[in-house]
Amino acid sequence: MTAPGVPPVALNDGTDIPAIGFGTYGVKGDRGRETIVAALRNGYRLLDSAVGYENEEQVGEAVRRSGIPRDEIRVTSKLPGRHHRHDLAIGSVESSLRRTGLDHLDLYLIHWPNPSQDLYVEAWAALAEARSRGLVRSIGVSNFLPEHIDRLIRETGVVPAVNQIELHPYLPQTEQRTYDDAHGIVTEAWSPLGRDRRLLDDPAITAVAGRTGHTPAQVVLRWEMQIGTVPLPKSSTPSRQVENLSAAQMELSAEDMADIAALARADGRLWGQDPRVYEES
Ligand code: A2P
């Protein structure tokens, strides 16, 4: 399996995902479904959804409408904070399957640790059970810090395949990536383009774009791939979907990489969503 022209990235459970995927936050309804069909036809083979995105139905329909064989596509969804209790978590996976109309999901992540609720270990054991029942192929986490993943491993012995976190040049997540790498966990990047124009209009980014002949979005996505993460850009515009995917086929020099790395900020979170305190319902 792989997206055309996109190399696979091996997960620690023997499966794999493409090195760049398609984000679907805010991609909803009939238009959203057509956007996702376009993304698949444009070459994306990894779709990132969540219960909270309220688009699992459209994701499933898009997979069927695309005409692409199911086993060439990786479909991700995520467990909401209100369903961390064991039975609710199993029920959430079953509901995701029902909504998507798929017989399995490829990747299911705990969306946020919600530490004040302190039920993420219970949720994790439930996802491991869902995997052993064949409902999902791979399991992972999102927005988890080392202290949270340490507990999962200590208390269940199951290492996440993926940790999906906010990551872009303002927030390079160096410590978290080092931790993920040391544990064989693939880091996925959400908001890889920064979601608004702040990042793409940054003079450091436009300078690299200008001298390499690539677009600002390609430069940012390629930087994320070259530091070893899997970006999940979202675009409702088919031409931008193609533009973004072609980041898989370019190369940035060490100088380009260093210029982009210099954008790191002490707290580069663009949305103030700190997993230590953020609570997702
Ligand atoms: P649109 O969907 O109208 O194409 P992120 O993936 O970081 O959340 O960013 C998504 C935002 O970035 C969307 O508003 C999307 O707009 C925009 N975007 C996606 N790809 C590009 C691109 N290649 N150039 C400029 N903006 C882009």
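A few notes on this one:
- Most tightly packed first, judged by the mean number of other beta-carbon atoms within 10 Å of their residues, the peptides 236-242, 215-221, 190-196, 263-269 read 215-221, 190-196, 236-242, 263-269.
- Shape of the chain, Cα gyration tensor, a/c cut at 1.5: oblate
- Here's the picture: charge each Lys and Arg Cβ at +1 and each Asp and Glu Cβ at -1 in the chain, and of HIS214, VAL63, SER96 the one pushed furthest to the positive end of that dipole is VAL63.
- Region 209-247 residues near the modelled ARG31 label - backbone nitrogen below 17 Å, point 7 Å along Cα→Cβ: 234-241
- The angle between the Cα long axis of helix 56-66 and the main principal axis of the chain comes to about 60°, on a 0 to 90 degree scale.
- Within region 166-181: backbone nitrogen closer than 15 Å to the ARG276 label point (7 Å, Cα to C-beta): 175-176
- Calculated [θ] (222 nm, deg cm²/dmol) that DSSP helices of n ≥ 4 give over the chain, each run adding -39,500 (n - 2.57): -12000 deg cm²/dmol
- Taking 0.36 nm per residue of sequence separation and removing the Cα-Cα distance, the ARG85/ALA261 pair yields an extension gain of 59.4 nm.
- Burial ranking of peptide ranges 92-105, 46-59 (average Cβ count within 10 Å, highest at the top): 46-59, 92-105
- Shape of region 85-194, Cα gyration tensor, a/c cut at 1.5: prolate
Throughout, read-outs are computed from the coordinates displayed, never taken from laboratory work. Computed from a predicted model, the values in this text were never measured in an experiment. Positions of Cβ are generated from backbone atoms using ideal geometry, with glycine treated the same way; all protein chains shown enter the neighbour counts.
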